[in-house]
Each structure stands twice: as structure tokens, then as C-alpha cells.
Amino acid sequence: MFLNNCWYIAAWSLDIEHALVARTILNKNLVLYRQQNGVVAILEDACPHRKLPLSKGRLLGDIVECGYHGLQFDCSGNCVLAPTQSSIPTQARVRTYPVLEKYGFVWVWMGDPANADESKIFDIPNFENPAWGKTDGGVLEIACHYLWVTDNLLDPSHVAWVHQSSFGGPGTGDTPLQIKTFDDGVVVSRWIYNQALPPYYAPLVKFDGNCDRLQHYEVRTPSVCINRSIFTPIGTGGQEAELDEKAYVMVSYNFLTPVDENTTAYYWLQHYNNDPHDTAIAKQLNDGAIMAFNEDRGILEAVHIGMKNMTTPKLDLGLDAGSLRYRKILDRAITKEQAG
Ligand code: FES
Ligand SMILES: [Fe+2]
């Protein structure tokens, strides 16, 4: 059901301070805290005695004290004190998880710690480029299986119906789609030529009139979803064309962390090639994204419930080709991981 040997976002870095925070990821309960040296620790959120979540206990310096009978654990999961015992029981240990911080997020490695490797975190090009702007991003909990969200983020057509006041626009409902498959993901994309700008982007671009528009929807394992949009003066768009100097590029990064089979934590940020210091634009973009992602949330939560009903008929459309391919690629990776 889940791919374990990869990095998932556990939290926004800003949300983890010197305090115990509980999170569920891939059905596993974790406790996070920032140590006094600034490094984040992640432990299984269960005391080995009576499985009280350690997040219900206390943080004493960098030591986590269970709130039931006071067993104490350090950041490597070793028990360092057992006040009710004459000595520390040998089985008194909790699992720890590899953790690192990048792009403003806390990432956790959910698989074999021996395989944890920083280079496997998804690369965000231009992240340090001062000419690019970013939104503060956010996180949204969606009550649906994460693959309904990856489906949605490989589906450029839904904007024509779900996001009419933001991302939708002429050509988004019926322009043919191209699909490109990789070992670890899928890109569904299309160029739409000589159309009016959609409402979300119209105030941002630096040219007048109609545009050529790229919708590039990409998902990589386990659930990294990249939504790249280009708006460029008419006549300058196209797969083979070089990027015009007036082109507006926005990349929306959407990182999905499965909480369990029925819940997804959806983290995002937007990254764009102009107005790097304009906080009003960054806020306007983020507010627009929150509104649009809540539109998706309403749809996806209802789809999650609807698709559990096996008595009504179900069909796939041509627009599902990319997401069905992605599900196969992920399935293959999960099967391979489970086979060891
Ligand atoms: S449940 Fe933690 S010490 Fe008893
Ligand atoms: Fe959407």
C-alpha cells in the first residue's frame, strides 16, 4: 500500500520547536521534537511498556519521559532511566527514524535507516536563486487516499470544472494531452495556444493580450507532484520553443504524505520566476492556492467515499491514462520493495 524507502514530509520546519509533536505517517505513529542543538529527532510514538504515546509525556532537555511510569529515552531511542526498576530493562528501546531538513520542511525516512540518503530527496531547481519568488505554502489534511490526490495532480482537465475562478481557462477542457512515462513517474502535459489568461495568473504576467500556455503535471514516487505552468506571449510557446524572456513560469510543488489509507497530508509551495521580493504577490498566490486546493479537497473527499461503493458502475476516461500508468509504476515499486 505504501512505499517505505523514501523521504516523506513530516512537518513544516517552523512548526517543530522544543516540544513533543505527534504525527501519523504511513499508519505509523511518530513523535517529533527539536533538540536543544536545533536538530529534529523522530521516534516511534509508543512507550515499550504500555504503549502510551510518548507525545503524551514530557520533554526534559533532550530526553523524552513517558507520562505513565517515567521511562526516559534519548534521541537515539535508548532508555536512559527506569525509575521504578533497579536497572534498565534490555528491551526498553524505541525505534528512531532518519530525519533531515530541506526546503523549509522536516523530512522523515520511513524505510530501512541503512538506505536513508539525502540525495534521494526531490530536487527543487532554482530554490536558492534570488530571482525566483516563493509562497509560504501550507499544509492541508484531506480525508482521502493519497492516490486520489496523485490522480488529481496528473489530470490537467479537472481545472476546467473544479477551478473555474482560478486555474481554469479556455482550452483546459478539450486540448489533447501528451503522456511521458519514466521509471519512477509520469508527466501529463499539453500546450494550449492563443487563449485568454486564466484568472489566477492574469495579474502576474508581464505581457498583454492572449497567451500560449503549458500545463505540465508530473508525479514521481512516492507522491511528489510537480505542476509546472508557463504563460508566454502568443507565438512563443510550444514543446520545442526556447523560453521567451517575457514568459511567466510557476512551479507548484505538492508533496503528499499518506497519514493512513483514508487521510493525506498535502504540503505545498509555489515557486515562480519573477517578483521575488513582493510579499503581497506571494500572499495573493498562496491565498489563491488555498482556495483552489480546498476546491480539490471537497471533490476528493467525496470521490474517496463514492469509489468505495462497488454497487454503482465505474468507468475510466481518456484523461485517466496518465494516472493509471502512475499507479502501475508505484505498484511495481511497492511490490519490489516488499519482495526485498
Ligand atoms: S507506559 Fe511508559 S513507562 Fe509505563
Ligand atoms: Fe485541482
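The values are calculated or read from the model by the stated rules, or taken from the named source; none is laboratory data. Computed from a prediction, not measured in an experiment: that's the story for all the values here. Note that we place each Cβ from the backbone using ideal geometry, even for glycine, and neighbour counts take in every protein chain shown.
Below are the figures for this structure:
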quantity: Residue in region 20-41 that is of a type in the set (S, T, N, Q), in a loop (DSSP other than H, G, I, E, B) and closer than 30 Å to Leu330 by Cα present; calculated: yes
quantity: Residue match in region 22-32 (condition: within 16 Å of ligand 1 (Cβ to nearest atom), β-branched (Val, Ile, Thr) and either over 19 Å from the mean Cα position of the chain (by Cα) or not assigned by TED's automatic domain parsing to the domain that holds Ser252 (or both)); calculated: yes
quantity: Subset of region 37-54 (residues that are on the phi < 0 side of the Ramachandran plot and within 12 Å of ligand 1 (Cβ to nearest atom)); calculated: Asp45, Ala46, Cys47, Pro48, His49, Arg50, Leu52, Pro53, Leu54
quantity: Hits in region 70-96 - residues which are within 9 Å of ligand 1 (Cβ to nearest atom) and either touching a Ser or Thr at 6+ places or on another chain (Cβ under 7 Å) or on the phi > 0 side of the Ramachandran plot (or both); calculated: Gly70
quantity: Filter result (closer than 12 Å to Tyr267 by Cβ and buried (at least 19 other Cβ atoms within 10 Å of the Cβ)) within region 8-22; calculated: Tyr8, Ile9, Ala10, Ala11
quantity: Exclusive hit being of a type in the set (D, E, K, R) and either within 16 Å of ligand 1 (Cβ to nearest atom) or closer than 21 Å to Tyr272 by Cβ (or both), set Asp155, Asp174, Asp184, Asp208; calculated: Asp208
quantity: Strands (runs of 3 or more DSSP E) (entirely within region 211-314) containing at least 3 residues that are of a type in the set (S, T, N, Q); calculated: 224-233, 248-260, 263-272
quantity: Search result, residues across region 55-69 that are within 12 Å of ligand 1 (Cβ to nearest atom) and either outside the structural domain of Ala92 (by TED's automatic domain parsing) or in a loop (DSSP other than H, G, I, E, B) (or both); calculated: Gly57, Cys66, Gly67, Tyr68, His69
quantity: Pair list, Cβ under 6 Å, 6 or more apart: region 322-336 residue under 19 Å from Met110 (Cα atoms), other residue buried (at least 17 other Cβ atoms within 10 Å of the Cβ); calculated: Leu330/Thr221; Ala333/Leu3; Ala333/Thr221; Ile334/Leu3
quantity: Strands (runs of 3 or more DSSP E) (entirely within region 86-177) containing at least 2 residues that are crowded, with 19+ Cβ neighbours inside 10 Å; calculated: 105-109
quantity: Residue within region 209-217 that is of a type in the set (A, V, I, L, M, F, W, C), buried (at least 20 other Cβ atoms within 10 Å of the Cβ) and farther than 30 Å from Leu330 by Cβ present; calculated: yes
quantity: Residue list for region 286-298, filter: within 15 Å of ligand 2 (Cβ to nearest atom) and either buried (at least 17 other Cβ atoms within 10 Å of the Cβ) or at positive phi (or both); calculated: Gly288, Ala289, Ala292, Phe293, Glu295, Asp296, Arg297
quantity: Restricting region 25-38 to residues that are touching a residue at least 24 places away in the same chain (Cβ under 8 Å) and not polar (S, T, N, Q), the residue that is farthest from Ala82 (Cα to Cα); calculated: Leu26
quantity: Of all residues in region 49-87 being closer than 17 Å to Leu32 by Cα and touching a residue at least 40 places away in the same chain (Cβ under 8 Å), the one that is nearest to ligand 2 (Cβ to nearest atom); calculated: Leu54
quantity: Lone qualifier among Thr312, Thr335, Thr264 - being of a type outside the set (A, V, I, L, M) and at pLDDT below 95; calculated: Thr312
quantity: Positions within region 299-332 being surrounded by fewer than 13 Cβ atoms within 10 Å (Cβ to Cβ) and of a type in the set (S, T, N, Q), in sequence order; calculated: Asn309, Thr311, Thr312
quantity: Residue count, region 233-258 (criterion: within 30 Å of the chain's Cα centre (by Cα), of a type outside the set (Phe, Trp, Tyr) and surrounded by 18 or more Cβ atoms within 10 Å (Cβ to Cβ)); calculated: 9
